[in-house]
Structures are given as C-alpha cells and as structure tokens.
Amino acid sequence: MIPNLFKKLLIPKEIPKELSLKIKEFSRGKNKEKFLKKSFLYIVSKYRGNRFNLIFRFDKLFKNNLNYIVNNKGYMHCTTMNFLLRVMAVKSGLFNERDVRLRLANTWYIAQHQYLEVKLGKKKIALDPWN
C-alpha cells in the first residue's frame, strides 16, 4: 500500500524558512492562478518524477518531513510532490484544504498515480507536478 495515496497528510504548523519565503514571494498580488503557476514551476524545477524510480527509489515514498523534502532535489514520488504543492497553497492563505483535492489515475494500467485538483474560482484545474 502506498502511504498518503488516499488521504491527505496534515499541513504542519511550522514550515521551513526557505519554503515560507517562496510562498510569500509567490503570493504577492494575491492572484491565485499566478501563485499556482509559480509554485508548480518551483516544484518541477527542483524535483522530477520518473516511472522507473517508483521501484528503485521506493525508500523516498516514506519521506514526508518538509525539512527533508525542501533540502533535497531530484526524484520524488507523486504523493510527496503533491504534498509540497498542497502545503504551499494552503500556507499562502489563498486556498483552504477544501480547495485542494487528491485525485487518482492509473499508470501502466496497474499502478495508482496521484495528482491534485484545485478549485480556482468557479473552475477546477488538475495539477500534476510529477508528470
């Protein structure tokens, strides 16, 4: 069973300073869409998904400490990248927990994959930094 695939991890009260500064920078102007775009680009510039690493980097699947995540680069699982994006959205104050939903899709017809659906005004957008 993949941890954090079906349920949301709690948003921590304290977050790393580097992440807090990024959130503050990205949320200037209070534009939700621009905030999501900047946060998404920040995540995909620092982390990447890769189907083969699903197995070879299985150990990273259990890493959900924000200090660990922020201080590392390279491969991260979809659940970890989504957790980071969710933390950024909620901590920005522009979104609340109800605005960000976990969604699942199949990859390779057998493996579950998680992505986010974010409420943006009257529309909902899918965000998948792993893919």
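Before moving on, here are some points about what is shown:
- The ellipsoid that matches the Cα gyration tensor of segment 74-131 has semi-axes, each √(5λ) in whole angstrom, of 21, 14, 8, with the longest given first.
- Residues Glu117, Glu14, ranked from the fewest to the most other C-beta atoms within 10 Å, line up as Glu14, Glu117.
- Order of Lys123, Lys46 - criterion: other Cβ atoms within 10 Å of each residue's Cβ, fewest first: Lys123, Lys46
- Put in order of Cβ neighbour count within 10 Å, fewest first, the listed residues Ser27, Ser20 become Ser20, Ser27.
Where a number appears in this text, it was derived from the coordinates with a stated rule and is not lab data. If you're wondering where the values come from, they're calculated on a predicted model, not measured in any experiment. Glycine also receives a Cβ, built like all others from the backbone with ideal geometry; neighbour counts cover every protein chain displayed.
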